[in-house]
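The values are calculated or read from the model by the stated rules, or taken from the named source; none is laboratory data. Given the structure is predicted, the values throughout are model-derived calculations rather than measurements. Cβ atoms come from the backbone with ideal geometry, glycine included; neighbour counts cover every protein chain shown.
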């Protein structure tokens with residue numbers, strides 16, 4: 001689903017109190033232009049943000065920090081509008097031309113360049129450079145009573161350091177690069193994540209990255225322990241409290257969490273997370289796929305005589321039928337993909353999911369597992385039938 005863009009009325013002049021009070025002249029302060037550009041980026045109004053940033057870069061009265069901030073914002077705008085090469089070149093201009101530069105570049109420039117680098121070794125260098133700058137900034141703060149804005153700045157710096165360590169781990173684990181075949185890859189990832197978790201022991205991204213590394217090391221129990229470290233809780237914390245915290249996480253983060261829980265064999269926990277995901281977005285192709293795959297795994301364990309929390313009293317056929325219903329819905333939600341050209345479909349990120357769904361449905365057909373029958377509403381009338389027809393078509397597809 002696309003991000004909602006805030007509409008700006010053309011008839012309404014864009015004026016802020018900061019602009020009005022910046023000076024007696026009609027020229028707005030650069031800080032006000034930057035603040036407005038930042039607001040527009042948050043609203044995903046990138047074309048208008050681009051215009052405000054251009055005004056800053058065209059001015060001669062801005063400080064070095066203000067110019068660097070404008071360049072960084074412009075780089076973000078270029079990235080969001082698909083101009084990746086231009087964004088990379090702009091971020092490179094933020095780096096000092098030599099090692100003895102009077103002031104270090106913004107760490108965010110290194111973070112963006114690390115994400116844009118095609119060479120993993122160059123990306124690792126950028127991540128490490130960002131970490132070094134951020135750590136120097138934190139150490140350079142004079143001891144004093146911490147104000148609220150200073151605390152937020154420190155928290156943001158620590159969060160960026162943790163993200164940089166996670167980015168390095170992802171590079172070491174990525175099968176597209178040779179780094180993952182290095183004999184030191186496993187121990188390097190352990191060291192990087194240990195350092196990240198010393199900075200923030202309950203950082204969700206770091207814990208999920210640790211779980212992924214533990215799974216690659218064939219240590220599912222330790223992977224599950226890492227996942228269950230978040231949310232931080234005590235023995236007195238009710239399960240509903242933790243479920244509510246997980247439900248506030250962004251959808252992509254919850255999808256990763258569900259996949260990792262399934263790989264750890266924590267099917268009940270994974271299905272709980274997936275129920276929340278589909279309650280938030282019932283058009284998620286990956287959400288329906290993982291739900292169907294989760295029930296498939298539960299059915300297999302049940303067929304082998306095993307027990308899974310939440311499946312007591314159900315036969316493996318019952319559970320397999322639930323799996324089929326979810327997979328059918330996944331295929332239906334993904335139906336628009338079948339109308340695009342084959343070449344475009346092969347590039348679609350959902351294509352591998354839908355191919356696996358077709359394989360699973362074929363296996364269920366061979367096992368004689370049919371979709372759940374549609375239940376008629378005995379008290380309904382023709383209008384009710386019309387209102388529900390779309391939903392029933394999904395189930396019957």
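Values computed for the structure shown
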read-out: Qualifying residue in the stretch 1-18 (condition: modelled with pLDDT of 85 or more and assigned to a loop (DSSP other than H, G, I, E, B)); value: no
read-out: Search result, residues across the stretch 187-204 that are surrounded by fewer than 18 Cβ atoms within 10 Å (Cβ to Cβ), touching a residue at least 24 places away in the same chain (Cβ under 8 Å) and closer than 21 Å to residue 126 by Cα; value: 195, 199
read-out: Pair list, Cβ under 8 Å, 6 or more apart: the stretch 205-225 residue over 15 Å from residue 256 (Cβ atoms) and in the same structural domain as residue 261 (by TED's automatic domain parsing), other residue surrounded by fewer than 17 Cβ atoms within 10 Å (Cβ to Cβ) and at pLDDT 95 or above; value: none
read-out: Search result, residues across the stretch 254-281 that are in contact (Cβ under 8 Å) with a residue 40 or more places away in the chain and out of contact with any helix residue (DSSP H, G or I) (no Cβ under 7 Å at 6 or more places or on another chain); value: 268
read-out: Any helices (runs of 4 or more DSSP H) falling wholly within the stretch 280-397 and containing at least 2 residues that are more than 30 Å from the chain's Cα centre (by Cα), over 30 Å from residue 247 (Cα atoms) and modelled with pLDDT of 85 or more; value: 351-367
read-out: Single condition residue 218 does not satisfy, out of (1) in a helix (DSSP H, G or I); (2) modelled with pLDDT of 90 or more; (3) out of contact with any helix residue (DSSP H, G or I) (no Cβ under 6 Å at 6 or more places or on another chain); value: (1)
read-out: Qualifying residue in the stretch 54-61 (condition: on the phi > 0 side of the Ramachandran plot and not assigned by TED's automatic domain parsing to the domain that holds residue 170); value: no
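Okay, residues lined up against (1) on the phi < 0 side of the Ramachandran plot; (2) assigned by TED's automatic domain parsing to the domain that holds residue 356; (3) buried (at least 19 other Cβ atoms within 10 Å of the Cβ); (4) out of contact with any strand residue (DSSP E or B) (no Cβ under 6 Å at 6 or more places or on another chain):
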position	(1), (2), (3), (4)
264	yes, yes, yes, yes
270	yes, yes, yes, yes
277	yes, yes, yes, yes
280	yes, yes, no, yes
283	yes, yes, no, yes
287	yes, yes, yes, yes
299	yes, yes, yes, yes
305	no, yes, no, yes
309	yes, yes, no, yes
